[in-house]
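A.B. asks: Supplied in C-alpha cells, the structure appears directly below.
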Ligand SMILES: [Cu+2]
C-alpha cells in the first residue's frame, strides 16, 4: 500500500514537472469519449458543463497537447480532463484519464 502511494506520488510529481512547461490548467471537465483521432491529435468528447470557463455541456473536438495523451483512453469511456489555454489554438487538453 505504502509503495503504491509512493509510486503514485512519483508519477503525479513527474506529470506536474512536465506540465509546468505549459500554462497551468484553466479548467477541468468530465465527459465521454466519442472518437479518437491520433493523426490530428484530436479527441471528440461529450462533456458536462465547465463552470470555470462558462461552458455549457456540449459535444466537441479537442486538440490534445501531446498525442501520447490519447494512448490512455478508449472510445466510449468516461473520462476526466484538464484544459490549458494556448495563445494560438485556444483550449487544449493538457491531461486526460479514465474517470474513477
Ligand atoms: Cu465544449
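A.B. asks: Restricting the first residue to the range 56-73 and requiring it to be part of a strand (DSSP E or B), which pairs with a second residue that is away from the ligand (no atom under 16 Å from the Cβ) meet a Cβ separation below 7 Å and a spacing of at least six or different chains?
C.D. replies: Close Cβ pairs satisfying both conditions: 63/41; 64/41; 64/70.
A.B. asks: Now for a different question. Filter the range 35-53 for residues that are within 11 Å of the ligand (Cβ to nearest atom) and assigned to a loop (DSSP other than H, G, I, E, B) and give the result.
C.D. replies: Our first condition is that a residue be within 11 Å of the ligand (Cβ to nearest atom); within the range 35-53, this holds for 44-50, 53.
Result: 48, 49.
A.B. asks: Out of all the residues in the range 67-97, which are touching a helix residue (DSSP H, G or I) at 6+ places or on another chain (Cβ under 9 Å) and more than 15 Å from residue 34 (Cβ to Cβ)?
C.D. replies: Matches in the range 67-97: 82, 83, 84, 85, 91, 94, 95, 97.
A.B. asks: Could you list, in sequence order, the residues of the range 21-45 that are closer than 15 Å to residue 79 by Cβ and either loosely packed, with under 13 Cβ neighbours inside 10 Å or out of contact with any strand residue (DSSP E or B) (no Cβ under 8 Å at 6 or more places or on another chain) (or both)?
C.D. replies: 35
A.B. asks: Tell me which residues, restricted to the range 54-68, are within 12 Å of the ligand (Cβ to nearest atom) and buried (at least 19 other Cβ atoms within 10 Å of the Cβ).
C.D. replies: Quick first cut of the range 54-68, residues within 12 Å of the ligand (Cβ to nearest atom) only: 54-62.
The one that is within 12 Å of the ligand (Cβ to nearest atom) and buried (at least 19 other Cβ atoms within 10 Å of the Cβ): 62.
A.B. asks: With the requirement that a residue be away from the ligand (no atom under 15 Å from the Cβ) and under 11 Å from the mean Cα position of the chain (by Cα), what does the range 69-91 give you? Full working, then the answer.
C.D. replies: Of the residues in the range 69-91, the ones away from the ligand (no atom under 15 Å from the Cβ) are 69-78, 86-88.
Selection gives 69, 70, 72, 73.
A.B. asks: In addition: If you scan the range 74-88, which residues turn out to be touching a strand residue (DSSP E or B) at 6+ places or on another chain (Cβ under 6 Å) and either closer than 15 Å to residue 29 by Cβ or not in a strand (DSSP E or B) (or both)?
C.D. replies: The first filter runs over the range 74-88 and keeps only residues touching a strand residue (DSSP E or B) at 6+ places or on another chain (Cβ under 6 Å), leaving 75, 77-86.
Matches in the range 74-88: 75, 77, 78, 79, 80, 81, 82, 83, 84, 85.
Read-outs throughout are calculated quantities, based only on the coordinates presented, and are distinct from any laboratory measurement. Computed from a predicted structure; not experimentally measured. Ideal geometry is used to build each Cβ from the backbone, glycine not excepted, and the neighbour counts take in all protein chains shown.
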